[in-house]
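Worksheet for the structure shown next.
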Amino acid sequence: MDSDPSQIPVVPIPFEHGLTHFAQSVTRGRAKIVAIGSSTTAGHGNIEAYPERLKSFLQTEYPKVEIAMVNKGIGGQEAPIELQRFDADVIAEKPDLVIWQVGTNAVWQSPDQNPPSFNETTGVILMDLQYVPAVLTPAKKDKAIAMVEAISKLARDADVNVFRRFAFMKGLYRVEQVSFDRMVDPADEHRLHDSDWATHRVAWAMKLAIVDGVDKARSSVAVPSRPSQAS
């Protein structure tokens, strides 16, 4: 589902499923999120990564809820290695919501670096690729689009939500007419990593998608909207 949002400002494509567990944790007054992935999650250079920004946005959205964000991102790491540390880095944290960012390195890396195949790379995921020049070159664009489509298909098969970063950033570029010079970290000669501005917009879009997912869960299962006081 690589469709551009058509309104300005561009908004994210909504999640297909309500975030039931996270909605329940918000109602209880305490929620924990684990973010796992590569450099988008860990952070790159002097740019604050999206998980910390997302926590701040969600804390403002739900001021009576104690929100914890655990960042388990490691730059350059691939999904198979991340999966190996799920028990220790994700499951042991007992999160209410997991954000798993995958796919970019498998597209961007050259073949001699032995990137994993789609079968190894895609599993249970929530965030797909960034829309940046490094993955849009003639040699890589088809792989990037194929990866986005593979992630989308596996997510549908597994009933997993996807934060469609590729489509969202494509909307920024094509609909809002934001230049790649603004969207890409000016210090990144590879033109792969998001700028401070783009990271802020992506984190804000993720917040909008999560809030919509919470509202969708509440409307479907009648989860109370008022959080209890955290003990």
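The values are calculated or read from the model by the stated rules, or taken from the named source; none is laboratory data. The structure displayed is predicted, hence computed values, not measured ones. Don't worry about glycine lacking a Cβ; one is built from the backbone with ideal geometry, like all the others, and counts go over all protein chains shown. Side chains are part of the model used for accessible areas, which takes the heavy atoms of the whole protein and leaves out ligands, DNA and RNA. Shrake-Rupley method; radii C 1.70, N 1.55, O 1.52, S 1.80 Å.
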**Item:** Distance from region 130-181 to region 34-90 (C-alpha centre basis), Å
**Value:** 20 Å
**Prompt:** Which residues in region 162-198 place their backbone N less than 13 Å from a point set 7 Å from the Cα of residue 137 along the Cα-to-Cβ direction?
**Reply:** 189-192
**Complete:** Residue separation between residue 59 and residue 91 times 0.36 nm, minus their alpha-carbon distance, gives in nm 9.2 nm
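Work through the residues other than residue 217 whose Cβ is under 13 Å from its Cβ and net out their charges, Lys, Arg +1 and Asp, Glu -1.
Numbers: positive: 216, 218; negative: 16, 96, 212, 215.
Charge balance near residue 217 sits at -2.
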**Complete:** With the dipole of region 23-70 defined by +1 on each Lys or Arg Cβ and -1 on each Asp or Glu Cβ, the option from 27, 51, 39 whose Cα lies farthest towards the positive pole is 27
**Asked** List the lysines whose alpha-carbon lies under 20 Å from that of residue 72, not counting same-chain residues fewer than 8 positions away?
**Response** 32, 55, 94, 207
**Message:** Using each residue's phi in region 133-142, evaluate 6.51 cos²θ - 1.76 cosθ + 1.60 at θ = phi - 60° and report the 3J(HN,Hα) Karplus result to the nearest Hz, with x for Gly and Pro.
**Reply:** x, 4, 9, 10, 5, x, 7, 10, 4, 4
**Request:** Please give, to one decimal in nm, the separation of the simple spin-label points placed at residue 153 and residue 30, each 7 Å out from Cα toward the Cβ.
**Result:** 4.3 nm
**Request:** Determine which residues of region 50-83 fall in the zone a paramagnetic label at residue 197 would reach in this model, i.e. backbone nitrogen under 13 Å from the point 7 Å along Cα→Cβ.
**Result:** none
**Fill in**
Here FRET efficiency (C-beta to C-beta, residue 16 to residue 174, R₀ 30 Å, nearest 0.05) is 0.85
**Message:** Less than 12 Å Cβ to Cβ from residue 155, Lys/Arg counted +1 and Asp/Glu -1: what total charge do the surrounding residues give?
**Reply:** -2
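Could you give the accessible area per residue of region 129-210, probe 1.4 Å, as a whole number in Å²? Don't skip to the end; give the middle numbers.
Working: 3460 Å² over 82 residues.
On a per-residue basis, region 129-210 sits at 42 Å².
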**Request:** Determine the share of region 1-100's accessible area contributed by carbon and sulfur atoms, expressed in whole percent, with a 1.4 angstrom probe.
**Result:** 54 percent
**Complete:** Long-range amide H partners of residue 30, meaning residues 5 or more apart or on another chain whose placed amide H is closer than 5 Å, are 66
